[in-house]
Structure formats: structure tokens, C-alpha cells
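**Student:** Below is the structure I would like to discuss, written out as C-alpha cells.
Bear in mind that the values in this text are calculations on the coordinates, not laboratory data. Nothing here was measured: the structure is a model prediction, and the numbers come from that model. Please note: Cβ atoms are built from the backbone with ideal geometry, for glycine as well, and neighbour counts cover all protein chains shown.
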Amino acid sequence: MYTEKVIEHFREPHNRGKLEEYSAIGKVGNIVCGDVMWLYIKVDEDADHRDVITDISWETFGCTAAIATSSMVSDLAKGKTLDEAIALTNQDVANELGGLPPVKMHCSALAADALNEAIYEYLTKQNRPIPEALAKRHERIAREVAALEKRYEAFSKKDGA
Amino acid sequence: MTMQTYTYLDNSATTPVAEAVLDAMLPYFTHRYGNASSLHQQGREAHKALEEARTEIAAGLGVSPAEILFTSGATEADNLAILGLAAADPSKRHIITTAIEHHAVLHSVEALAARGYETTVLDVDPSGRVDPEQVRAALRDDTLLVSVMAGNNEIGTLQPIEAIGDLCREREVPFHTDAVQAYGKLNLPMDRIDLMSVSAHKLHGPKGIGFLFVRKGVSLSPILHGGGHERGRRSGTENVAGIVGLAAAARVASTEREEVVARMRGFRKRLMGAIAEIPGSRLNGHATESLPHIANFSFEAIEGESLVMKLDEHGIAASTGSACSSPTLEPSHVLVAIGVPLSMAHGSLRISTGRQTTEAEIDRLIEVLPRVVEELRSFSPFKVSR
């Protein structure tokens with residue numbers, strides 16, 4: 001069902017955990033199956049004054065595909081300029097993993113969304129203009145996160161959760 | 001991965017065929033291949049094997065051979081019980097079942113609901129038990145059937161089928177039980193049951209064969225039409241090798257039962273003790289009123305499909321009721337019915353043992369499980385209270 005590449009990233013996921021120092025965080029959840037992903041990015045200016053994602057990490061609650069796509073999106077975005085990173089799509093993530101089962105394609109959307117959200121938060125914090133495509137995706141994602149939080153209300157009320 | 005290091009703890013999904021079962025079956029593929037309906041010698045031999053198997057299975061349950069009707073498995077047996085009863089008595093338009101039945105029962109009942117039948121789907125308590133009083137309250141004059149499983153396939157909880165059977169008897173309503181996981185492990189109150197579904201492959205028999213017990217006097221219309229096999233109630237050339245295998249599996253189970261069930265109970269107890277030590281874990285099901293071979297747990301902050309995959313990486317096979325593992329992306333209806341919070345339902349793990357399960361395999365799971373739970377939690381956004 002899963003490609004070797006998916007299994008490889010699941011077994012030894014890259015860039016996992018929380019960054020000690022980060023510029024922004026993208027929090028997304030997929031309402032369909034309850035996957036949740038938090039993506040941390042550290043953004044620095046390079047010699048040409050371009051914003052570059054110099055470090056990246058993630059924390060994910062989810063299935064094999066969710067963990068593998070988290071790992072893959074972090075690989076793909078690391079070292080990229082923000083403009084390059086914004087252009088990354090869920091299809092890029094899935095393709096790099098050699099494909100995902102159709103029922104798991106939404107997991108790759110989750111990873112691309114988390115990156116989108118992290119960049120959105122970064123630009124907002126910096127009082128920088130938000131590209132229209134980024135803003136539109138942000139609106140859709142925000143609606144989905146709200147729905148997920150409602151579904152997880154019981155869980156978040158639990159002690160220590 | 002060698003067989004020696006592979007730990008198979010998913011025996012509720014299916015079991016390896018026992019050697020004795022395979023040995024009993026093999027001649028029926030190559031040497032005794034006759035069609036049990038044929039007149040010639042080959043046919044007569046096949047027929048003899050078929051009827052001997054039927055007699056042996058019936059004797060094991062203390063019922064009459066004519067009450068055993070072979071099917072392709074439990075899904076067909078469940079469908080036949082429900083749809084066959086409905087077709088035989090169109091005047092009865094109400095069905096009672098529970099929220100935690102197997103989909104073979106629930107979807108058959110839903111198929112009738114779509115045709116205008118009224119259904120009462122009973123809730124269960126947090127351990128997964130149905131209260132017989134709910135059945136009493138739900139029974140009506142036009143109730144076609146009550147279907148309550150003997151032991152649940154996901155969480156193991158046993159149902160009070162004796163009490164439910166009594167209530168059905170009082171009201172003269174047929175009582176069906178899906179005994180797929182209980183058959184061969186527990187004593188079944190056959191005097192209270194009118195229809196019962198069984199599958200061979202959950203009991204170290206082959207896949208593709210099972211039976212429906214139908215008490216004498218219960219009228220059932222066929223759902224498969226054809227040559228009139230099985231006294232006209234289930235057409236289709238009998239799967240003689242499978243049926244011989246089913247009888248052999250029942251024999252193996254009955255011979256070893258005491259010893260195997262005692263061992264399974266011990267494993268379940270050990271698992272419950274060891275897993276309770278893992279922070280943020282819970283048992284789904286009932287601590288004692290349970291099938292001996294099934295134990296279901298949930299772990300906070302992690303997701304079951306990735307847990308199953310991590311265990312697989314370590315050569316351990318188990319299963320989950322997580323949404324991510326299901327083709328519909330919905331969490332298990334059983335876990336939802338017993339009120340497991342959604343996040344915990346996503347993080348469920350079912351461990352099910354078989355006759356071949358060893359103490360060393362349980363040791364191995366107990367050693368590996370806390371580590372993989374910890375590993376997955378190390379990069380989960382949710383934290384667990386200690």
C-alpha cells in the first residue's frame with residue numbers, strides 16, 4: 001500500500017520534533033481523519049537579502065502517510081526562499097514520496113498546508129504583504145482547523161492533554 | 001524477516017491454519033475431489049465427508065446435524081440469517097440489534113431499513129455491554145429478529161446472550177448471535193439461540209467457509225438461488241475441503257480448549273497489567289467479561305495506524321480501529337459506541353492471541369510497545385500527563 005520511500009521516511013523521519021528557536025509556526029489539522037501537524041520554520045536573510053528557510057521541524061499526530069509527508073515537506077522546504085517554498089504543492093510532496101494511496105492524498109495536503117500557514121504567520125508577524133494565493137489558502141485552512149478543534153474539544157479538556 | 005522472529009498478534013483478523021486442519025483438507029483437493037451431489041463413487045465419498053463434518057460440528061454444539069447450514073463464511077451467514085428471516089416472514093417489520101455488531105450484521109440490517117423496516121439499535125455501556133432490560137423494552141409483536149453478538153471482535157466484550165435469548169424465547173422472537181470470535185473458545189447457550197454465525201478462519205481453519213446454525217422450526221428463505229444444496233437453503237456446490245477443514249478446526253479447538261483458553265486469559269491479564277504502566281493509556285472493553293484472546297487499548301497523543309506500522313517494523317503484527325486505517329476514514333463504530341473520546345479512538349491498538357501465541361511473544365510486545373509509543377509521542381504535538 002505504501003511506497004518504499006514512504007516507509008523510509010516513516011521509519012526515520014527527518015527534522016522531527018520542535019525547533020528551539022523558530023520564526024513562525026504553522027498549525028493545521030485534517031478534519032477528515034484527525035491528523036494534526038505543527039510545522040516550525042526559522043527564516044533568515046541570505047547574502048542577496050532574500051528570505052530563506054534556514055531550519056525547519058515538525059510535530060505530527062497522524063498515520064504513516066502523515067508522518068512521511070511531514071518529513072518530506074521539511075526536506076523540500078529546507079534551504080528554499082519563501083517564494084520557492086510558497087510554490088510547493090501537495091502534489092510535489094506526494095510525488096517525491098513516489099505517490100500515496102488515493103485515500104491518503106489528504107495527508108500530503110496537510111503537509112503543504114502547514115508550510116503555507118507557517119509562512120503566512122511569518123509574513124504577518126513581519127508586517128509584510130501577503131501574496132493572494134497564500135491568503136486564500138490560509139482562509140480555507142483556518143476554517144478546517146476550527147472544525148477540527150470542535151471535534152477535539154473533549155480531548156483538549158482532558159487534564160494535561 | 002524470518003518466521004521465528006515474527007510475532008503475529010492479530011488473530012481476530014485471521015489465524016494460521018493448524019497443521020492437522022491442513023492435513024485433513026489436502027486429500028479433498030487432489031484425490032477426493034468429487035462433487036458431493038454426484039452419484040458416482042467420487043461424489044459419494046465427498047458427500048460422506050460433508051455429512052461426517054456436519055455431524056461432528058453439530059455434536060460439538062449438542063445440536064442436530066440438520067441444523068448446521070454451511071456458508072462461505074460468517075458474512076454470508078449473518079446476511080442469510082437476517083435477510084433470510086425477513087424474506088420468510090414479511091409480516092414482521094422490526095429488528096433489534098446493537099451499535100457494536102460486525103458490519104455484516106449492521107449493514108444487513110441497514111439494507112432492510114432502507115426497504116422500510118424499523119430498527120432499534122441498542123446502545124452499550126462504556127465497557128461495551130448491552131443491558132438485557134433494553135432488549136426487553138424494545139421487543140414488539142412485530143419484531144422479526146434480535147441479533148446480538150456473543151463476543152465483540154474489536155474489544156472482546158461478552159454479551160449476556162443467555163439472558164437475551166431467554167427474553168426472546170418468552171416473546172417467541174428468533175434470536176441470532178454472531179459467534180465468530182466466541183465459537184471454539186466459550187460455552188455457547190445453544191438452547192437459547194435460534195441462529196448462530198460461525199467462521200472457520202478465526203479458529204485456525206481455512207478462509208471462505210463457515211456455517212449458520214438454524215434451529216429446527218425456524219423458517220428461512222434462501223438468499224442464494226441455484227441447485228438447491230443445503231436443503232434448499234443455500235445453493236452452490238459444497239466446499240468440501242473447506243468444510244472438512246472447518247470440522248477439523250472445531251475438533252482441534254475442542255481438544256485443546258481448556259489449555260489454550262487458560263493461556264490466553266493469562267496473556268490478556270499480563271497485557272492489561274503491563275500496558276496500564278504506560279502513561280496515557282486505557283483499556284477499551286471489559287476487564288473480566290471478555291473473550292480471552294482480545295485486548296484493546298488506546299494511547300493518548302498518538303495515532304493507531306502509525307503505531308501498527310511501528311510495531312510491524314519490529315516484526316509484531318496487531319491492528320487498530322483508527323480512522324486512518326479504515327477505507328472510510330471513520331474511527332471504529334465500536335470504540336465510538338463505548339464512548340472512547342475521538343482522539344483516543346484514533347490511538348487504539350487491538351492485540352489478539354491465537355493457539356500458537358507464546359509467552360515469549362507477549363514478553364516481546366511488552367518490551368517493544370512502550371518504546372514505540374514513546375517514539376511516536378516524541379514528535380506528537382500533543383503531550384501526555386505523567
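**Student:** Let me check against my output: what whole-number percent is the relative contact order of chain B, with C-alpha pairs under 8 Å and at least 6 apart?
**Tutor:** 21 percent
**Student:** Considering only DSSP beta bridges where both residues belong to the range B:159-235, give the percentage that are antiparallel (nearest 5).
**Tutor:** 60 percent
**Student:** Let me ask something else about it. Using modelled amide H (1.01 Å from N, peptide plane; none on Pro or chain starts), what sits under 5 Å from the amide H of B:Gly34, excluding residues fewer than 5 places away?
**Tutor:** B:Ala46
**Student:** Based on the alpha-carbon gyration tensor of chain B and its eigenvalue square roots a ≥ b ≥ c, which shape applies: rounded if a/c is under 1.5, prolate if not and a/b is larger than b/c, or oblate?
**Tutor:** The shape class here is oblate.
**Student:** Let me ask you something else. Ordered by residue, what ³J(HN,Hα) values in Hz, to whole numbers, does the range B:188-204 give under the Karplus form 6.51 cos²θ - 1.76 cosθ + 1.60, where θ = phi - 60° and Gly and Pro are x?
**Tutor:** Once rounded to whole Hz, the list reads 9, x, 4, 6, 9, 9, 9, 9, 8, 9, 9, 10, 6, 6, 7, 10, 6.
**Student:** Another question, if that's okay. Please arrange A:Asp46, B:Asp178, B:Asp89 by counting, for each residue, the other beta carbons lying within 10 Å of its beta carbon, fewest first.
**Tutor:** Ordered from fewest to most neighbouring Cβ atoms within 10 Å, A:Asp46, B:Asp178, B:Asp89 come out as A:Asp46, B:Asp89, B:Asp178.
**Student:** By DSSP, what percent of the beta bridges with both residues in the protein assembly as shown are antiparallel, rounded to the nearest 5?
**Tutor:** 70 percent
**Student:** Is there a quick way to get the dipole size of the range B:140-278? I mean about its Cα centre, with the Cβ of Lys and Arg at +1 and of Asp and Glu at -1; what is the value in debye to the nearest 20?
**Tutor:** Charge dipole, the range B:140-278, about its Cα centre: 400 debye, nearest 20.
**Student:** With unit charges on the beta carbons (Lys and Arg positive, Asp and Glu negative) and the dipole taken about the Cα centre of the protein assembly as shown, which residue among B:Leu186, B:Val336, B:Ile294 sits farthest to the positive side?
**Tutor:** Working it through, the farthest residue towards the positive pole turns out to be B:Leu186.
**Student:** Would you pull out the residues with amide H under 5 Å of B:Thr7's amide H, same chain only if 5 or more places away, H placed 1.01 Å from N?
**Tutor:** Result for B:Thr7 returns B:Ile316, B:Ala317.
**Student:** Hey, another quick one. Out of B:Met309, B:Ala36, B:Ser348, whose Cα points farthest toward the positive end of the dipole of chain B (charges: +1 Lys, Arg; -1 Asp, Glu; placed on Cβ)?
**Tutor:** Checked the options; the winner is B:Ala36.
**Student:** Total Lys pairs in the range A:4-157 closer than 19 Å by alpha-carbon, pairs eight or more apart in sequence or interchain only?
**Tutor:** So the count works out to 15.
**Student:** Along the charge dipole of chain B, Cβ charges K/R +1 and D/E -1, which of B:Gly151, B:Ser12, B:Ile68 sits furthest on the positive end?
**Tutor:** The listed residue farthest towards the positive side: B:Ile68.
**Student:** Test of understanding: ordering A:Tyr40, B:Tyr8, A:Tyr22 by Cβ neighbours within 10 Å, fewest first, what list do you get?
**Tutor:** Fewest-to-most Cβ neighbours within 10 Å comes out as A:Tyr22, B:Tyr8, A:Tyr40.
**Student:** The range B:215-252 to the range B:56-82: how many Å between their Cα centroids?
**Tutor:** 7 Å
**Student:** To the nearest whole number, what is the average tally of beta carbon atoms from other chains within 10 Å of the beta carbons of peptide B:335-347?
**Tutor:** 3
**Student:** Using the Cα centre of the range B:228-371 as the reference point, and only Cβ charges (+1 on K/R, -1 on D/E), how large is the resulting charge dipole? Debye, rounded to the nearest 20.
**Tutor:** 480 debye
**Student:** How about the range B:254-316: which GluC sites (Glu not before Pro) there lie in a loop by DSSP and see at most 10 other Cβ atoms within 10 Å?
**Tutor:** Answer in residue order: B:Glu277.
**Student:** In sequence order, what are the phi-derived ³J(HN,Hα) couplings for the range A:62-71 according to the Karplus relation 6.51 cos²θ - 1.76 cosθ + 1.60 with θ = phi - 60°, rounded to whole Hz, with x for glycine and proline?
**Tutor:** Per residue, the Karplus-derived 3J(HN,Hα) values read x, 7, 3, 5, 5, 6, 5, 6, 4, 4 Hz.
**Student:** With a cap of 15 neighbouring Cβ atoms within 10 Å, and only residues DSSP puts in a loop, list the trypsin sites (Lys or Arg not before Pro) found in the range B:205-285.
**Tutor:** Loop-located and lightly packed - B:Lys216.
**Student:** A follow-up question, please. Among the lysines in the range B:19-252, how many pairs, 8 or more places apart or on different chains, have alpha carbons under 24 Å apart?
**Tutor:** 5
**Student:** Step through the residues of the range B:306-317 one at a time and calculate ³J(HN,Hα) from phi using the Karplus curve (6.51 cos²θ - 1.76 cosθ + 1.60, θ = phi - 60°), rounding each to whole Hz and writing x for Gly and Pro.
**Tutor:** 6, 5, 4, 5, 5, 5, 4, 4, 8, x, 10, 9
**Student:** Show the residues, 5+ positions off or on another chain, whose built amide H is closer than 5 Å to the amide H of B:Ala182.
**Tutor:** B:Gly151
**Student:** How many angstrom separate the Cα center of the range B:129-185 from the Cα center of the range B:307-386?
**Tutor:** 29 Å
**Student:** Right, something else. If you take every DSSP beta bridge fully contained in the range B:19-252, what fraction is antiparallel? Give it as a percent rounded to 5.
**Tutor:** Of all bridge pairs located within the range B:19-252, approximately 40 percent are antiparallel.
**Student:** In the calculated pair distance distribution of the range A:4-157, what percentage of Cα-Cα distances lie above 26 Å?
**Tutor:** 21 percent
**Student:** Assign unit charges at the C-beta atoms only (+1 for Lys and Arg, -1 for Asp and Glu), then state the dipole size of the range B:19-252 relative to its Cα centre in Debye, rounded to the nearest 20.
**Tutor:** About 620 debye.
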